[in-house]
Amino acid sequence: KVRPQVIYSWKNVLGVDKMWSQTKQRSTMDPVALNLAGRHLNKFFTNKRIKVLEVFAGNCIAGQIIKGYLNAKWIYTDIATYKHSVSQFNKLNAVEAVQLFGPAADVLLMISPPPVNEEGIAKCNINTNLGYGDYYACKDFIAQSDTGKYIIFIGELGASDGSTGMYKYLIEHSRLKLVLRKMLVDGKDITGGKLEKELFVFTIHPGQLV
């Protein structure tokens, strides 16, 4: 019962194209961190041809930076259409994107997906309507995959990026193995608090890992 209600709530943002952070032609994540992530992924995939499905692509700038380091076909998706200059953009929520493009994709990519927690749900803020899309996208992508596919997360997993519980979910999932983890940013945020942005690469395996 929870899943249909959450997905239905996303409809509330379909006409809300006012997320200021995505209206400018720049990435919300530090380009230095993104370029570092791109170099790590270039080394990891060693020029292997891959097909990437990016959810929560926003204005697509961050994805374009990463794409520049990879031999990849890229599909950008988000629940709303922000200012972007890519031709492969599809206006879909995360579940729709995985359902449509997941079977043919080698990689499910999330760069700094919107955060959501119980407090946010209680306050019914904008993130409530976007919440848990990362969880459902990963869950569905894993379910449709046998082996040899990847989930890549770039950001502060389990903190300022993504839904509450995603760190535990991905790290402890019986069909996922963390094969690459790199620190991209280790510093302070605008309030003086600790800020960490990391690159996580998980491989999907058939059945449970021993």
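Bear in mind these aren't lab numbers, they're just calculated from the coordinates by the rules spelled out. Keep in mind the model is a prediction, meaning the values are calculated, not measured. Every residue, glycine as well, gets a Cβ built from its backbone with ideal geometry; the counts of neighbours run over all protein chains shown.
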Task: Karplus 3J(HN,Hα) series, Hz, for the stretch 169-174 with 6.51 cos²θ - 1.76 cosθ + 1.60 (x for Gly, Pro) - done: 4, 6, 5, 9, 4, 5
Task: Distant-in-sequence amide H partners of Tyr132 (H built 1.01 Å from N, under 5 Å) - done: Ser163
TODO: Could you calculate the contour length gain from Lys139 to Gln99, that is, 0.36 nm times the residue separation minus the distance between their Cα atoms, to one decimal place in nm?
DONE: 13.3 nm
- [ ] Would you mind calculating the gained length between Gln88 and Gln208 on full extension (0.36 nm times residue separation, minus the Cα-Cα distance), in nm to one decimal?
- [x] 39.7 nm
Open item on the list: I need the calculated FRET efficiency for the pair Arg26 and Lys194, taking r as the beta carbon distance and R₀ as 25 Å, to the nearest 0.05.
Closed with: 0.55
Open item on the list: Explain nothing, just compute: Karplus ³J(HN,Hα) = 6.51 cos²θ - 1.76 cosθ + 1.60, θ = phi - 60°, for every residue of the stretch 55-68 in order, whole Hz, x for Gly and Pro.
Closed with: 9, 6, 6, x, 7, 6, 5, 4, x, 5, 5, 5, 4, x
TODO: Beyond 31 Å between alpha-carbons counts as too far, so tell me which of Lys91/Lys149; Lys48/Lys194; Lys73/Lys197; Lys168/Lys194; Lys91/Lys194 fall in that bin.
DONE: Lys48/Lys194; Lys91/Lys194
